Ligand code: AMP
């Protein structure tokens, strides 16, 4: 980390991996640590859907079916967000890019400083258990799992007592579709990035704290601070 008071500039950090790999937990923590903005395209799309915007109405059925929202829609949504971050010293991205087309668009936005890419590998059955058991608190956004990390009182948040909710696309049938969409459209990004940028892999089967430690070690050696000229 830079000396206190010095303005540092970080490369974009992209988290790749299937749904349920634990990217959301790690991206939020990392963005906080680096003090840079964080984007989850899934959160952004769910927000559009709940507000009933034009984009939300176009994305709703696609997200509910577990498929990917078309590139043109996602690229223009993320493009607007990127413009708003023009003063920031870096970004952490969760769920974007998810196709080679999106990755090419990102390359154009980033110019010379290509992203640092962290790929999460997790076994299929572990993903199914994580996603079918996932519940979250609508107030503090804390994530639980009814099998792996249950709340003290069934169905309610330990922190604020709010009733936990389940994402509609965490239904088992839809989960299988999301994992198939990952295999078809997102996995090709692993080779795309492996060949052209700083690319690292993390064993996401491990507990979150172990993954965080591994990530810290990777990022310390990864020259995440970018060329500032
Ligand atoms: P997530 O919260 O990242 O699991 O995303 C939830 C859903 O939002 C996905 O299953 C897709 O339908 C949609 N989505 C999120 N990010 C993207 C993206 N980059 N490209 C296309 N669809 C996306």
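The values are calculated or read from the model by the stated rules, or taken from the named source; none is laboratory data. Values in this document were obtained by computation on a predicted structure and should not be read as measured data. Positions of Cβ are backbone-derived with ideal geometry, glycine not excepted, and every protein chain shown enters the neighbour counts.
Given the conditions (1) assigned to a helix (DSSP H, G or I); (2) at pLDDT below 95; (3) closer than 25 Å to residue 66 by Cβ, which single one is not true for residue 144?
Answer for residue 144: the failing condition is (1).
Touching a helix residue (DSSP H, G or I) at 6+ places or on another chain (Cβ under 7 Å), assigned to a helix (DSSP H, G or I) and surrounded by 20 or more Cβ atoms within 10 Å (Cβ to Cβ): is that true of residue 127 in this structure?
Here the answer is yes, as residue 127 does meet what is asked.
I'm trying to understand the selection: among the residues of the range 81-96, which are over 24 Å from residue 221 (Cβ atoms) and either modelled with pLDDT of 95 or more or surrounded by 13 or more Cβ atoms within 10 Å (Cβ to Cβ) (or both)?
Those that are over 24 Å from residue 221 (Cβ atoms) and either modelled with pLDDT of 95 or more or surrounded by 13 or more Cβ atoms within 10 Å (Cβ to Cβ) (or both): 81, 82, 85, 95, 96.
Tell me which residues, restricted to the range 103-116, are modelled with pLDDT of 95 or more and buried (at least 22 other Cβ atoms within 10 Å of the Cβ).
103
What's the number of the condition residue 18 fails, among (1) modelled with pLDDT under 95; (2) within 20 Å of residue 106 (Cα to Cα)?
(1)
Given the residues 189, 179, which is the only one that is touching a strand residue (DSSP E or B) at 6+ places or on another chain (Cβ under 9 Å), surrounded by 17 or more Cβ atoms within 10 Å (Cβ to Cβ), modelled with pLDDT of 95 or more and part of a helix (DSSP H, G or I)?
189
Mind listing whichever residues of the range 192-209 are farther than 27 Å from residue 138 by Cβ, without any contact (Cβ under 8 Å) to a residue 12 or more places away in the chain and within 18 Å of the chain's Cα centre (by Cα)?
206 - this is the single residue of the range 192-209 that is farther than 27 Å from residue 138 by Cβ, without any contact (Cβ under 8 Å) to a residue 12 or more places away in the chain and within 18 Å of the chain's Cα centre (by Cα).
Mind checking which pairs have a first residue in the range 165-191 that is closer than 12 Å to residue 20 by Cα and without any contact (Cβ under 8 Å) to a residue 40 or more places away in the chain and a second that is away from the ligand (no atom under 12 Å from the Cβ) and part of a helix (DSSP H, G or I), Cβ under 7 Å, 6 or more apart or different chains?
Hits for this filter: 170/132.
Mind listing whichever residues of the range 32-68 are part of a loop (DSSP other than H, G, I, E, B) and surrounded by fewer than 16 Cβ atoms within 10 Å (Cβ to Cβ)?
Those that are part of a loop (DSSP other than H, G, I, E, B) and surrounded by fewer than 16 Cβ atoms within 10 Å (Cβ to Cβ): 35, 52, 53, 65.
Pairs only if they're at least six apart or on different chains, beta carbon under 7 angstrom, first in the range 37-62 and free of Cβ contacts under 8 Å to residues at least 12 places away in the same chain, second assigned to a helix (DSSP H, G or I) and buried (at least 16 other Cβ atoms within 10 Å of the Cβ); list them, first residue then second.
Short answer, once both residue conditions are applied: 56/48; 56/49; 60/49.
Among residues belonging to the range 78-103 that are within 9 Å of the ligand (Cβ to nearest atom) and assigned to a helix (DSSP H, G or I), point out the one that is farthest from residue 191 (Cα to Cα).
The qualifying residue farthest from residue 191 (Cα to Cα) is 78.
Only one of (1) exposed (fewer than 14 other Cβ atoms within 10 Å of the Cβ); (2) part of a helix (DSSP H, G or I) fails for residue 159. Which number is that?
In the conditions (1) exposed (fewer than 14 other Cβ atoms within 10 Å of the Cβ); (2) part of a helix (DSSP H, G or I), residue 159 misses (2) alone.
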